[in-house]
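Okay, structure first, notes after.
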Amino acid sequence: MIQGIGASTGIAIGKCFVLPNWEWDLPEQKIDVADLAREFERLYEGIRTSKVEIEQMKDELSEVVGPEERSIFDAHLAILEDPVFMNEIQGMIERQYKAAEVAVKEAIDHFVTMFDLLDDEYMKERALDIRDVGNRLLKHLLGAPEITLPSDTQPYILVAKELSPSQLAHLNPSNVLGIATFVGSTTSHSAIMARALGIPLVVAVESELEETVVTGDLLIIDGSSGIVELKPTVEQIRAYTKLKQQQEEEHNRLRGLAHFDPSTPDGKTLRLSANISSLKELEIALSSGAYGVGLFRTEFLYMDRTRFPKEEEQFEVYRSVAEKLEGGPLVIRTLDIGGDKHLDYFELPEEENPFLGYRAIRISLDRRDLFRTQLKAILRASHYGDVKVMYPLISSVEEVREANGVLREAMEELDREGKPYNRSMETGVMIELPAAVMIAELLAREVDFFSIGTNDLVQFTLAVDRMNDKISHLYEPFHPAVLRMLRITVEAGRRQGISVGVCGELAGDPAALPIWLGLNVDGLSMSSHSILQVKERLLRTQQEESKAVLQHVMASSTSAEIKRLLREFQGEVDSQEEQAGVGDPLRS
């Protein structure tokens, strides 16, 4: 067994194709002064050809993936126009008399090395983009042929050191069973695209695979656990084949729940909505029976491009989502960048603690021109569906009032322009800071709804960075302090008569369902892949019994006790269902 990191779920079993490294060793090659013009013309022709290829790949993917994935190629086009990268190449040609391909190769190596040395996962991913674009340009300068994948119809598992988005774009998903890479992360562009294409992916596989695997070897990869089996035994093949079949059967069984109303046996209806960042994810959510979108992460419209999106661009995306929901709610969160989310074209200040710094609503209120543009686009989309706006990282009443003030300015501009919008569009805030919890009753007087962002609320309540391996074990969503924060927030919203929902990973955890039923929240918003699992549990769980369990949970002193109580309660539910012969909601 070889251990990696699961980046896109699913199991693949089959022979592998090992993708050769797209690298060249170039001898030092000087040119004469008289050849400068010719070298520059070769460089510019290579850039033009590379741009055409990238645009073609973007067009080819338009019917397969959403705007988030297609925008990756906008980032690649931006690199070919980046003055720093191009000045580095041109300077080596003009001042050091290096051939165009040598200058390009050295510029790639320089920037990739520089970014790889940074202790920043985002910049390491940008290094892969630069290598991908640079090697494409280098290929044209050298007249080298494209590395071709198997042309027969026999599906294969692709193995590579790393896989760039443009290489992934050339894959035929029906021929690729899965992918394993020696490096990479779950947040890389390639991982995003693999998930959108539904291809199992394992990244950061141990060096043992790189040293031993060859094309034609039989592999098993598990995109959930991150396990890779090289030259598996007959027993392993049989076991994983059975597991793959079980996963497919379970997925098909759960899909039968999509049309069921999300209600408990004793009549509590709980809205199950989706968290999305693209139209592609929306399609998956709707097929899972999602009740609208509880969190549209708009920052992905801003990423991997060369400039801020204009009002019309944003409006078209928001309107498309609203129309596809056919009256279902669409909660649009305003721009949430900073922390671990960066824009290539918007320089954020160097900060000791970026998660506690210049980010989210703080940027929006500082850059009101950008904020107003986004709010105008959201308002215009509200004419086409049940659209709501939500502000992230709120810590004070003043911030909410300021944000609503900018919203009123956006309305006034639309009035002058004669553009229609819903004048009664609801506003809400994310509750993700302890400060917001402690003034929840005051905040509830200013807005129409709350959405509890459990991911940040857990981090800030416990002062734990879950990405820090040294302390990630302290990130505990079932910590008694976190549960008290949740109760305070829900009760404050109830007293003020506003809707209270939950988004974040805890919303999609079936084990937490008794907590939400006991607190009597109005809805949960989660990853599309979690909706059917949560719905299945909901259809079998009594709200009144959940309220009784919650009393014991809130009286518990440790997270271990709380999780034990929740496990025991679920065991009782399962046992009661089995005795009644209604364990499967599809049979009842």
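The values are calculated or read from the model by the stated rules, or taken from the named source; none is laboratory data. Note that the structure is a prediction, hence the values are computed from the model and not measured. Note that we place each Cβ from the backbone using ideal geometry, even for glycine, and neighbour counts take in every protein chain shown.
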Query raised in the report: Before we move on, is residue 478 closer than 26 Å to residue 374 by Cα and not in a helix (DSSP H, G or I)?
Result: no
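Conditions tested, residue by residue: (1) among the charged types (D, E, K, R); (2) on the phi > 0 side of the Ramachandran plot; (3) in contact with a Pro (Cβ under 9 Å, 6 or more places away or on another chain).
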{"site": "203", "(1), (2), (3)": "no, no, no"}
{"site": "207", "(1), (2), (3)": "no, no, no"}
{"site": "211", "(1), (2), (3)": "yes, no, no"}
{"site": "217", "(1), (2), (3)": "yes, no, no"}
{"site": "221", "(1), (2), (3)": "no, no, yes"}
{"site": "224", "(1), (2), (3)": "no, no, yes"}
{"site": "236", "(1), (2), (3)": "no, no, no"}
{"site": "246", "(1), (2), (3)": "no, no, no"}
{"site": "252", "(1), (2), (3)": "no, no, no"}
Report summary line: If we ask which residues in the range 273-290 are in contact with a Gly (Cβ under 7 Å, 6 or more places away or on another chain) and not hydroxyl-bearing (Ser, Thr, Tyr), their number turns out to be 5
Report task. Six or more apart or on different chains, Cβ under 7 Å: which pairs go from a residue in the range 374-395 that's closer than 14 Å to residue 415 by Cα to one that's among the β-branched types (Val, Ile, Thr) and surrounded by fewer than 23 Cβ atoms within 10 Å (Cβ to Cβ)? Could you list them? Result -> 375/406
**Report entry** Which listed residue, of 281, 235, 250, is surrounded by fewer than 14 Cβ atoms within 10 Å (Cβ to Cβ) and more than 26 Å from residue 18 (Cα to Cα)
**Finding:** 250
Requested in this report: Could you please tell me which pairs satisfy a Cβ distance under 7 Å, a separation of 6+ or placement on different chains, a first residue in the range 294-313 that is in contact (Cβ under 8 Å) with a residue 60 or more places away in the chain, and a second residue that is among the aromatic types (Phe, Trp, Tyr)?
Outcome: 306/345; 308/302
Report task. Examine the range 393-402 for a residue that is under 23 Å from residue 274 (Cβ atoms), surrounded by 22 or more Cβ atoms within 10 Å (Cβ to Cβ) and in the same structural domain as residue 457 (by TED's automatic domain parsing), and state whether such a residue exists. Result -> yes
Report task. Find all pairs meeting these conditions: Cβ atoms under 8 angstrom apart; at least six residues apart or on different chains; first residue within the range 404-420 and touching a residue at least 60 places away in the same chain (Cβ under 8 Å) and farther than 18 Å from residue 392 by Cα; second residue charged (D, E, K, R) and in a helix (DSSP H, G or I). Result -> none
Query raised in the report: So which of 565, 519, 506 is modelled with pLDDT of 95 or more and either under 28 Å from residue 444 (Cα atoms) or among the small types (Gly, Ala, Ser) (or both)?
Result: 519
Requested in this report: Scan the range 524-550 and report the pairs whose first residue is assigned to a helix (DSSP H, G or I) and whose second residue is among the β-branched types (Val, Ile, Thr) and surrounded by fewer than 21 Cβ atoms within 10 Å (Cβ to Cβ), with Cβ atoms within less than 6 Å and a gap of 6+ or a chain change.
Outcome: 528/284; 543/264
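So, in the range 361-385, exactly how many residues are of a type in the set (A, V, I, L, M, F, W, C), over 17 Å from residue 343 (Cα atoms) and either part of a loop (DSSP other than H, G, I, E, B) or within 22 Å of the chain's Cα centre (by Cα) (or both)?
Number of matching residues: 1.
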Query raised in the report: What number of residues within the range 405-428 satisfy the criterion of being surrounded by fewer than 16 Cβ atoms within 10 Å (Cβ to Cβ) and either of a type in the set (Ser, Thr, Tyr) or closer than 15 Å to residue 332 by Cα (or both)?
Result: 1
Query - Residue match in the range 539-555 (condition: in the same structural domain as residue 287 (by TED's automatic domain parsing), among the β-branched types (Val, Ile, Thr) and closer than 23 Å to residue 455 by Cβ) - result: no
Query raised in the report: Which of the residues belonging to the range 497-523 are surrounded by fewer than 23 Cβ atoms within 10 Å (Cβ to Cβ) and either in a strand (DSSP E or B) or among the β-branched types (Val, Ile, Thr) (or both)?
Result: 498, 499
Query raised in the report: How many residues does the range 320-346 hold that are modelled with pLDDT of 80 or more and at negative phi?
Result: 17
Query - Residue match in the range 451-458 (condition: over 26 Å from residue 561 (Cβ atoms), buried (at least 17 other Cβ atoms within 10 Å of the Cβ) and at pLDDT 95 or above) - result: yes
Requested in this report: Exactly one condition in (1) outside any helix (DSSP H, G or I); (2) modelled with pLDDT of 80 or more; (3) of a type outside the set (D, E, K, R) is not met by residue 187; state its number.
Outcome: (2)
Query raised in the report: Are any of the residues in the range 43-55 at pLDDT below 75 and crowded, with 20+ Cβ neighbours inside 10 Å?
Result: no
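Pick from 25, 32, 82, 74: which is surrounded by 15 or more Cβ atoms within 10 Å (Cβ to Cβ) and modelled with pLDDT under 85? Talk me through it step by step, then tell me what you get.
Values: 25 fails: surrounded by 15 or more Cβ atoms within 10 Å (Cβ to Cβ); 32 fails: surrounded by 15 or more Cβ atoms within 10 Å (Cβ to Cβ); 82 fails: modelled with pLDDT under 85.
The match here is 74.
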